[in-house]
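Student: Supplied in structure tokens, the structure appears directly below.
The values are calculated or read from the model by the stated rules, or taken from the named source; none is laboratory data. Because the structure is a prediction, the values reported are computed rather than measured. Cβ placement follows ideal geometry from the backbone for every residue including glycine, while neighbour counts extend to all protein chains displayed.
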Amino acid sequence: MHFTLKQLRYFDAARRTGSIARAAREMNISQSSITAAIDQMEQFIGLDLFRRIPAKGLRATEAGQIAGQRVAQFLDEARLLESDLMSVAGKPSGTLLLACYAPSAPFVLPLMLKQVTQDLPEIRIDLREGDMSSIATLLSDGAVDMALTYRWMVPEGAPFLPLFGARPFVLVPEGWDLAQRRAVELSDLVDLPMVMLDLPGTQDYFFSIFRAKGLSPRVVHTTKSSSVLRGLVAADFGFSILNIYGHGDRNPDAGYVARPIAGDVPAQSFGIAYNQSSEGAAIVQAVLHIGRDLSRKGAFDRLSLYPPSRSPRDESLSYAG
């Protein structure tokens with residue numbers, strides 16, 4: 001090979017950051033080393049891979065984009081190979097690229113990472129958060145090894161390990177009459193103001209819950225933050241619907257109460273999506289094993305307002321209230 005693994009990493013850093021200076025800071029080396037790596041790649045391929053734009057940094061050419069994608073794929077495979085080789089002597093080690101759906105991260109991640117840290121102390125987690133759309137893109141592009149997300153947003157063909165059934169429930173201000181009920185009918189909500197989580201894919205999902213009953217909610221506020229959403233409900237701006245029953249939802253002083261939805265409730269399976277290309281890696285298999293074990297032991301039951309389901313694959317639950 002006409003270039004080293006380090007030079008490929010320098011080239012990849014320049015492509016990702018769009019700047020020689022930023023790439024040098026990220027890799028903790030001199031700018032001249034980044035420049036030399038780019039020059040070496042361009043001489044070998046015989047094409048310009050970047051356009052140098054004054055005051056704006058680097059812009060990959062078409063050839064640079066193609067080369068960059070292949071270099072990134074190679075570096076990812078090399079990272080997994082390095083992890084597998086390091087694991088020969090004992091427990092899996094190396095770096096795992098893990099994404100998580102941002103609104104669920106505060107609740108699901110601590111359960112997973114605590115066990116991973118305990119069982120696999122040699123593993124380093126490179127964590128990325130995002131909405132469902134961006135996480136699906138990360139998986140499709142191979143930018144992460146696995147992601148904690150909902151099944152319905154997993155790219156076609158990507159393997160998926162279900163961990164628990166995330167059934168939607170209602171948040172209502174504590175002063176509303178509905179707060180006194182054990183369960184809430186969707187028909188009781190349609191004429192009331194709703195605060196909706198507005199992230200790519202989420203509005204369609206929440207609307208579908210009502211459409212399944214021939215209903216349509218009256219949305220008055222939207223937010224991209226589940227924390228802001230809870231604050232708006234507590235401030236009496238409206239009700240909302242979520243899937244993950246968080247720690248604060250149990251707080252009697254939260255200003256709102258969580259109630260099950262009466263009747264047949266569609267569930268969304270939450271779990272670990274991963275890439276087929278990395279499925280055989282020791283580090284990936286080890287984390288999947290931890291996920292299965294936690295699910296089997298009911299570690300995720302606390303994230304549901306409903307009684308534990310028979311299986312994380314259950315699609316609905318009839319709740320009479």
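Student: Looking at Glu42, is it surrounded by 16 or more Cβ atoms within 10 Å (Cβ to Cβ) and either modelled with pLDDT under 85 or assigned by TED's automatic domain parsing to the domain that holds Ala273 (or both)?
Tutor: When the stated conditions are applied, Glu42 passes them.
Yes/no matrix, rows are residues, columns are (1) at pLDDT below 90; (2) over 19 Å from Leu288 (Cα atoms); (3) acidic (Asp, Glu):
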| site | (1), (2), (3) |
| --- | --- |
| Arg128 | yes, no, no |
| Met132 | yes, yes, no |
| Thr137 | yes, yes, no |
| Asp145 | yes, no, yes |
| Glu156 | yes, yes, yes |
| Val170 | no, yes, no |
| Val184 | no, yes, no |
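Student: Do any helices (runs of 4 or more DSSP H) lying entirely in segment 5-78 carry at least 3 residues that are touching a residue at least 60 places away in the same chain (Cβ under 8 Å) and in contact with a helix residue (DSSP H, G or I) (Cβ under 6 Å, 6 or more places away or on another chain), and which ones are they?
Tutor: Where helices (runs of 4 or more DSSP H) fall fully within segment 5-78 and carry at least 3 residues being touching a residue at least 60 places away in the same chain (Cβ under 8 Å) and in contact with a helix residue (DSSP H, G or I) (Cβ under 6 Å, 6 or more places away or on another chain), they are 5-17.
Student: Taking the options Thr117, Thr149, name whichever one is surrounded by fewer than 20 Cβ atoms within 10 Å (Cβ to Cβ) and among the β-branched types (Val, Ile, Thr).
Tutor: Thr117
Student: Just to be sure I understand, how many residues within segment 182-195 are more than 11 Å from Ile261 (Cβ to Cβ) and either of a type in the set (Lys, Arg) or buried (at least 21 other Cβ atoms within 10 Å of the Cβ) (or both)?
Tutor: Here the count works out to 3.
Student: Output the residue which, of all residues in segment 161-180 that are hydrophobic (A, V, I, L, M, F, W, C), in contact with a strand residue (DSSP E or B) (Cβ under 6 Å, 6 or more places away or on another chain) and closer than 19 Å to Ala254 by Cα, is surrounded by the most Cβ atoms within 10 Å (Cβ to Cβ).
Tutor: Val170
Student: Scanning segment 220-253 for residues that are modelled with pLDDT of 95 or more and among the small types (Gly, Ala, Ser), which turns out surrounded by the most Cβ atoms within 10 Å (Cβ to Cβ)?
Tutor: Per the stated criteria, the residue is Ser240.
Student: Now for a separate question. Considering only residues of segment 137-187 that are without any contact (Cβ under 8 Å) to a residue 60 or more places away in the chain and touching a Gly at 6+ places or on another chain (Cβ under 9 Å), which is nearest to Tyr274 (Cα to Cα)?
Tutor: Checking each candidate, the answer is Leu138.
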